[in-house]
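Read the structure below first, then the notes.
The values are calculated or read from the model by the stated rules, or taken from the named source; none is laboratory data. Just so it is clear, the model here is predicted, and its values are computed rather than measured. Please note: Cβ atoms are built from the backbone with ideal geometry, for glycine as well, and neighbour counts cover all protein chains shown.
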Amino acid sequence: MSEFPIPFNRPSIVGREFEYLQDAIERGQLSGDGHYTQKCHAMLKQIIGAQSVLLTHSCTGALEMAAILCDLQPGDEVILPSFTFVSTANAVVLRGAVPVFVDIDPATLNIDPLRVQEAITSKTKAIIAVHYAGYPADMDRLSELARSHGLFLIEDAAQALGATYKGRQAGTLGDLATFSFHVTKNVISGEGGALAINRPDLVDRAEIIREKGTNRPRFLRGDIDKYTWVDLGSSFLPGELVAAFLYAQLEQADEIRIRRCAAMLKYEAALQKFADLGRVELPRTPPGTTGNGHMFYLLMHDRADREAYISHMRRHGINVVFHYVPLHSSPAGQRFGVTPKALPFTDDTSDRLVRLPMYSELGEDIETVLKATEAYLAK
Ligand SMILES: Cc1ncc(COP(=O)(O)O)c(C=O)c1O
């Protein structure tokens with residue numbers, strides 16, 4: 001339970017979660033890859049439009065699977081933004097490879113393709129694009145870089161289920177894409193994630209990696225009469241209770257997105273006057289993209305302004321929160337990664353960004369958040 005009457009995030013039951021949980025228990029299979037996992041796979045394929053989708057226990061797990069699928073070897077380099085969650089980089093480091101941190105484009109807060117281009121070396125094996133706040137990165141330019149240098153392109157779409165880029169769904173824009181259903185995301189299952197695979201040649205191996213490196217998926221399909229250890233792998237799949245809960249949420253994915261986008265519009269409409277006065281910056285929609293209402297953030301003048309706003313809101317019982325200590329300046333980022341150039345936009349954004357409450361049932365609470373924010377910004 002949050003100590004704030006208006007928390008930053010509040011998980012919602014949106015449909016038939018309890019019914020499906022009971023049904024999953026009555027079906028008698030609580031381990032993974034049962035009835036509800038199959039239903040989630042089909043639904044996610046339909047929502048995302050990817051060639052294959054596999055549920056995982058988290059986006060962290062999906063990123064680790066992606067790193068294995070790219071065959072990352074010790075010394076290989078992977079280019080990614082520093083302005084991201086630790087899991088994007090950990091997946092690389094766990095394979096002995098090196099995360100190369102580059103700056104974001106301040107206009108989109110997504111990885112800057114120009115900075116990616118400068119960072120490519122003979123050791124580069126992959127690029128990871130994070131779709132920050134549910135707005136896809138500049139995938140045309142990143143795809144061109146990946147194609148011309150023979151690199152894997154991975155979308156960290158943890159925040160981006162339902163977002164689009166030039167009419168295409170996030171998750172269909174790279175070789176591989178990873179999603180999160182962590183409780184802070186739009187569609188939730190407590191912990192949870194998925195790997196979308198857009199290259200047919202990677203599908204069989206992905207199934208093996210997810211099942212502890214065994215060919216059990218082929219055994220379950222009746223293709224072979226016993227299964228054995230054939231590759232690297234781990235236990236990346238969730239149990240059926242998680243899948244049952246998630247399926248009920250996925251059925252309402254459109255509703256959730258629409259409600260959150262409406263809340264975003266309300267925030268924007270009320271605060272635009274302060275942006276026009278240069279008092280604050282509002283989220284920008286990168287060209288050709290549609291967001292999914294995942295996050296509403298403000299960019300304050302500087303760190304002191306941001307801290308004063310956070311304190312003001314907390315005094316009013318409202319939790320607003322910063323985002324991401326840049327990975328290149330974190331202790332593990334310095335130990336495991338390299339940062340070829342200064343990252344001024346990452347540092348600046350990390351100092352100034354603050355996220356406002358956003359959840360499906362924000363309802364009337366948004367008026368309270370706006371009133372307190374307007375009072376602060378008008379000072
Ligand atoms: C960009 C990004 N990548 C990866 C993750 C990890 O997701 P999970 O908690 O599902 O492992 C997050 C979680 O917030 C994220 O924001």
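So that you can scan it fast, the table gives a plain yes or no per residue for (1) within 10 Å of the ligand (Cβ to nearest atom); (2) touching a residue at least 12 places away in the same chain (Cβ under 8 Å); (3) more than 10 Å from the chain's Cα centre (by Cα); (4) assigned by TED's automatic domain parsing to the domain that holds Cys59:
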position: Gln117; (1), (2), (3), (4): no, yes, yes, yes
position: Val130; (1), (2), (3), (4): yes, yes, no, yes
position: Leu145; (1), (2), (3), (4): no, yes, yes, yes
position: Gly150; (1), (2), (3), (4): no, no, yes, yes
position: Asp156; (1), (2), (3), (4): yes, yes, no, yes
position: His182; (1), (2), (3), (4): yes, yes, no, yes
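The set of residues from the range 25-46 being buried (at least 20 other Cβ atoms within 10 Å of the Cβ) and under 24 Å from Asp254 (Cα atoms) comprises Tyr36, Thr37, Cys40, Leu44.
Summed over the range 101-115, residues that are closer than 15 Å to Pro344 by Cβ, free of Cβ contacts under 8 Å to residues at least 60 places away in the same chain and more than 18 Å from the chain's Cα centre (by Cα) total 1.
Remark: Arg199 matches the filter, which requires a residue to be touching a strand residue (DSSP E or B) at 6+ places or on another chain (Cβ under 8 Å), of a type outside the set (Asp, Glu) and modelled with pLDDT of 95 or more.
Inspect the range 237-259 for any residue being within 30 Å of Pro106 (Cα to Cα) and buried (at least 21 other Cβ atoms within 10 Å of the Cβ) and give the result as yes or no. Checked against the condition, which is being within 30 Å of Pro106 (Cα to Cα) and buried (at least 21 other Cβ atoms within 10 Å of the Cβ), the range 237-259 yields at least one hit. Listed by position, the helices (runs of 4 or more DSSP H) inside the range 6-97 whose residues that are free of Cβ contacts under 8 Å to residues at least 12 places away in the same chain number at least 3 are 17-27, 35-48. For the subset of the range 81-95 comprising residues that are surrounded by 24 or more Cβ atoms within 10 Å (Cβ to Cβ) and more than 10 Å from the ligand (Cβ to nearest atom), which member is nearest to the chain's Cα centre (by Cα)? Per the criteria, the residue is Ser82.
Applying the condition of being under 30 Å from Leu250 (Cβ atoms) and out of contact with any Phe, Trp or Tyr (no Cβ under 9 Å at 6 or more places or on another chain) to the range 56-80 and asking which residue is nearest to the ligand (Cβ to nearest atom) yields Leu63.
Whether a residue is out of contact with any strand residue (DSSP E or B) (no Cβ under 6 Å at 6 or more places or on another chain), assigned by TED's automatic domain parsing to the domain that holds Gln38, crowded, with 21+ Cβ neighbours inside 10 Å and part of a loop (DSSP other than H, G, I, E, B) was assessed, and Lys226 does not pass this test.
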